[in-house]
Amino acid sequence: MSNPFQILPGENSRSEALTGGCDKPARENAARTFFIETFGCQMNVHDSEKVAGVMMSRGYRAAEDVDSADIIFYNTCSIREKAAQKVFSRLGQLKKQRHARLPVIGVLGCVAQQEGDAIFEQAPHVSLVCGSASYSKLPALLEELESGSRRVTGLSLATDECFETELTRRDNRFRAYVTIIEGCDKRCSFCVVPETRGPERSRASAALLAECRRLADEGFTEIQLLGQTVNSWRDPSPARLTFAELLSRVAEIPGVRRVRFTTSHPRDFTPDIVQAIDAYPALCNHVHLPAQSGSSAVLARMGRTYSREAYLEKIGCIRSAKRDISISTDIIVGFCGETIEDFEETLSLLDEVGYDQVFSFKYSPRPKTAAGGWEDSVDDAEKSRRLAVLQERQRQIQLRRNEAKVGRVFEVLVEGFHARLGQAVGRTPENYIVNFPGVPEWTGQYEAVWVTAAGPNSLVGERAGAA
Ligand code: 5AD
């Protein structure tokens, strides 16, 4: 689903200002435009911001739309097969649409890493293939293309660096993403990420805090710390901050009103994170803690390193906080060998935890994963059935939980405005979505909103005043 509040290319002025000081190739590129279509997770959204920044520093301009672009990048996702297929159907459509003048086409991200050179065979009009672990080589790859190379690739996973760039184009005026750890070492049997994003690499605390201070000075009030397993961050510098200390330091920065972090792995979810949320009001009282399944047998086969009971202990720790912390999760249904009893245990986990939001998926076998070689024992129709049952159960849970919020007042950061409905829409610190009558000028502001009605996925309210 596309994000209706995403701000389109060209909003940010900082990286445009940086293009002024560019060297010769940058000036030569001045008339050339690029467009990035992003699929998948927030890490990909943020990677696209970094890539856009690099492009602009080389003198390229953001195209108004895909049809007018000289260069098109697809920043891809391969977490499930359907996601991976999307890019190939996009590449096919593009070839049909644009006979007269094909733009330069690059495939970035997880599909690029996974498929590598094979992409050129499937889609001969692609000229750049680059995985996220090689983004620091993008300027060099672009240079090769500019000097006439037909095909270039960046596919090495052998890196100990992160793609850090001062040039990042910020596509949202109030929320800034900051990658604190790249890659993943967890080796869950279903997951392709270690294969596509490489090993874990944490950024040093001083560099991270400096970046967050700069972002606050530039007017960003919400900082979202990112990592595939964000709480596995380990400070590689002598300061040796813990993840909870890093959260606290970011929350203390003047001007920062909200700090979010995603995604946490239950294994590394420690009580000091909950203590930090209790101690620092700017730390949002929301934790995304993917369970994946409610059955210990399935969790063991998934290689998640925790049982249902151990997961519930982490939930107990979150529930024992002084603040009311909302909890969301990811669930996979129909994993190899998942029986009806296992599935029932997942349903009972939803009841027991009372999640505020659940992202649920049918298991999709992925290449080069451990489970990819196992029997995909639950057929697709049964996976669909389980998914529908699970989603209906969660819908009822959410409706009940949301109805209990009617009459309360929440702080809402206004993220957008539906002109047709005259409604402002934003999020509470708990990540609840709230719609309320407003004006476009409120976008980016914090408002106190009194909740008057509730649905399963969002709340409706009235402005009570500035927050
Ligand atoms: N099949 C289905 N869902 C998957 N996820 C990760 N790998 C797979 C897969 N092979 C889900 C997990 C993860 C989320 C980002 O995507 O729930 O937390």
The lone condition residue 110 fails out of (1) modelled with pLDDT under 95; (2) under 19 Å from residue 130 (Cβ atoms); (3) surrounded by 18 or more Cβ atoms within 10 Å (Cβ to Cβ) is (1)
Leading residue by the ranking (modelled with the highest pLDDT) among those in the range 92-107 that are crowded, with 21+ Cβ neighbours inside 10 Å and of a type outside the set (Val, Ile, Thr): 106
Kindly indicate the residue of the range 139-194 that is of a type in the set (Phe, Trp, Tyr) and away from the ligand (no atom under 16 Å from the Cβ) and also nearest to the chain's Cα centre (by Cα) among those meeting that condition. 177
Could you say whether any residue in the range 303-313 is under 22 Å from residue 369 (Cα atoms), assigned by TED's automatic domain parsing to the domain that holds residue 391, surrounded by 20 or more Cβ atoms within 10 Å (Cβ to Cβ) and not aromatic (Phe, Trp, Tyr)? yes
Note on residue 78: of the conditions (1) in a helix (DSSP H, G or I); (2) within 16 Å of the ligand (Cβ to nearest atom), unmet is (1)
Does at least one position in the range 428-439 carry a residue that is surrounded by fewer than 17 Cβ atoms within 10 Å (Cβ to Cβ), away from the ligand (no atom under 16 Å from the Cβ) and not in a strand (DSSP E or B)? yes
I'm trying to understand the selection: among the residues of the range 350-382, which are surrounded by fewer than 16 Cβ atoms within 10 Å (Cβ to Cβ), more than 14 Å from the ligand (Cβ to nearest atom) and either at pLDDT below 95 or within 24 Å of the chain's Cα centre (by Cα) (or both)? 354
Would you mind stating whether residue 386 is closer than 29 Å to residue 301 by Cβ, within 14 Å of the ligand (Cβ to nearest atom), in contact with a strand residue (DSSP E or B) (Cβ under 9 Å, 6 or more places away or on another chain) and touching a residue at least 12 places away in the same chain (Cβ under 8 Å)? yes
I'm checking my understanding of the structure. Among residues of the range 312-353 that are of a type in the set (S, T, N, Q) and assigned to a helix (DSSP H, G or I), which one is nearest to residue 295 (Cα to Cα)? 346
Looking for something buried (at least 18 other Cβ atoms within 10 Å of the Cβ) and of a type in the set (A, V, I, L, M) - is there at least one such residue anywhere in the range 334-346? no
Would you pick out the residues in the range 295-329 that are without any contact (Cβ under 8 Å) to a residue 60 or more places away in the chain and either within 16 Å of the ligand (Cβ to nearest atom) or closer than 22 Å to residue 362 by Cβ (or both)? 295, 296, 297, 298, 299, 300, 306, 308, 311, 314, 327, 329
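The values are calculated or read from the model by the stated rules, or taken from the named source; none is laboratory data. The model shown is predicted, which means the values in this text are computed figures rather than measured ones. No Cβ is skipped: glycine too gets one built from the backbone with ideal geometry, and neighbour counts run over all protein chains shown.
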